[in-house]
1. Give the residues of segment 113-135 that are in contact with a His (Cβ under 8 Å, 6 or more places away or on another chain) and hydroxyl-bearing (Ser, Thr, Tyr), sorted by residue number.
2. In segment 51-131, which strands (runs of 3 or more DSSP E) lie fully inside it and hold 3 or more residues that are modelled with pLDDT of 95 or more and under 19 Å from the mean Cα position of the chain (by Cα)?
3. Hey, can you tell me all the residues within segment 38-50 that are within 24 Å of the chain's Cα centre (by Cα) and either part of a loop (DSSP other than H, G, I, E, B) or of a type in the set (S, T, N, Q) (or both)?
4. Restricting attention to segment 37-45, does a residue exist that is closer than 20 Å to Glu11 by Cα, surrounded by fewer than 15 Cβ atoms within 10 Å (Cβ to Cβ), free of Cβ contacts under 8 Å to residues at least 60 places away in the same chain and not charged (D, E, K, R)?
5. Looking only at segment 152-169, decide whether some residue is surrounded by 18 or more Cβ atoms within 10 Å (Cβ to Cβ), modelled with pLDDT under 95 and assigned to a helix (DSSP H, G or I).
6. Any residue at all in segment 208-231 that's closer than 25 Å to Asp104 by Cβ, modelled with pLDDT of 95 or more and assigned by TED's automatic domain parsing to the domain that holds Gly117?
7. With the condition kept exactly as written, say whether any residue in segment 113-128 is in contact with a Gly (Cβ under 9 Å, 6 or more places away or on another chain), under 17 Å from Leu195 (Cα atoms) and either touching a residue at least 60 places away in the same chain (Cβ under 8 Å) or of a type in the set (Phe, Trp, Tyr) (or both).
8. Taking into account only those residues within segment 132-149 that are assigned to a helix (DSSP H, G or I) and acidic (Asp, Glu), which is farthest from Arg198 (Cα to Cα)?
Amino acid sequence: MNRYRILHVTEFQYDGPVSESYNQVWLRPRQDEQQSCLSFRLTTTPHSRASSYVDAMGNWVHRFNVVAEHRKLRVEAESVVLVQKPTPIPAETLRLDALKDHTDEIDEYYDLLAPTGYVPHSPDVMELARCAEESSDGSAGSFALAATSLIFQRFRYEKGATHVHSSIHDALQSGAGVCQDFAHVLLASLRMRGLPARYVSGYLAPARDVGDVSKSMEDVIGGMASHAWAEVFVPGAGWFGLDPTIGREVDMRHVRLAYGRDYGDVAPVRGVYKGHAGQRLSVDVGVRPVVDDEGFEVKQETAAEPARVPAPEDLPQQQQQQ
């Protein structure tokens, strides 16, 4: 098991005074049999008192308001998380041609089969899914792994190739994107083949052995700390994490924050404010393994990829969205 201390800092700087800022954040790591959130603290500047609830997907959601005028908003989330070794996809799983015999089990996750704005059912994805099925052994688990590997092989990691509102069409046309885009393409591939799949927001902890070239590359293409991937539901077997950005199943360096149908459900920080000022956003994420495999404390810091947000001129003047 791995234990991490995570510091996620989001700062909004405004060109002028703003007020009546209402916000929701998905920043508390999930708590379940594979991951334990040992501690969590959320602080804001200007100070506000947050309330929280658990949504329909089992995510912790925190809300806070800053009503008075301000020119900067800082949101700081600090957590300590214990991550267990994920269960790998079994060597033998249900065959794809037998999915029709498990409709009751699959229909329980109808929302995770339906198309969304970020993850439309595109004819271009059908070609990718067909290639993945041809390279698999015909089982659901093998198909999911093949689709993950195929996306890794076909797409290049390129910041700026897409934007915060991009659907899979942009990544499919350019052959490039970031972890969010690759997760969306994988979701479309799985859903269009009849397998429920959910978007996962979280962190990819840095590799401990910086001399390992392959691990160092994972940190680069994975967006370093702030990350996204997908989970697929295999009838009769359960849920399994797949990371198309690195082309394989998730491991103990993946820390889960929230589940959603797509990125739009679980953006780490979302809000609105009143005012005519534009905004500049910066995000920093620090991930520090608390102890290594031999029980010694290890300190290692990394920064998240630059946040991708709409330009101020694209937002309404009186009530701009964060």
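1. Result: Tyr118, Ser122.
2. Result: 60-66, 70-83.
3. Of everything in segment 38-50, those that are within 24 Å of the chain's Cα centre (by Cα) and either part of a loop (DSSP other than H, G, I, E, B) or of a type in the set (S, T, N, Q) (or both) turn out to be Ser39, Thr43, Thr44, Ala50.
4. Looking for residues that are closer than 20 Å to Glu11 by Cα, surrounded by fewer than 15 Cβ atoms within 10 Å (Cβ to Cβ), free of Cβ contacts under 8 Å to residues at least 60 places away in the same chain and not charged (D, E, K, R), one finds at least one in segment 37-45, hence yes.
5. Yes, segment 152-169 contains at least one residue that is surrounded by 18 or more Cβ atoms within 10 Å (Cβ to Cβ), modelled with pLDDT under 95 and assigned to a helix (DSSP H, G or I).
6. Yes, some residue in segment 208-231 is closer than 25 Å to Asp104 by Cβ, modelled with pLDDT of 95 or more and assigned by TED's automatic domain parsing to the domain that holds Gly117.
7. Within segment 113-128, one or more residues are in contact with a Gly (Cβ under 9 Å, 6 or more places away or on another chain), under 17 Å from Leu195 (Cα atoms) and either touching a residue at least 60 places away in the same chain (Cβ under 8 Å) or of a type in the set (Phe, Trp, Tyr) (or both).
8. Per the stated criteria, the residue is Glu134.
The values are calculated or read from the model by the stated rules, or taken from the named source; none is laboratory data. Values in this document were obtained by computation on a predicted structure and should not be read as measured data. Virtual Cβ from ideal backbone geometry, glycine too; neighbours counted across all protein chains shown.
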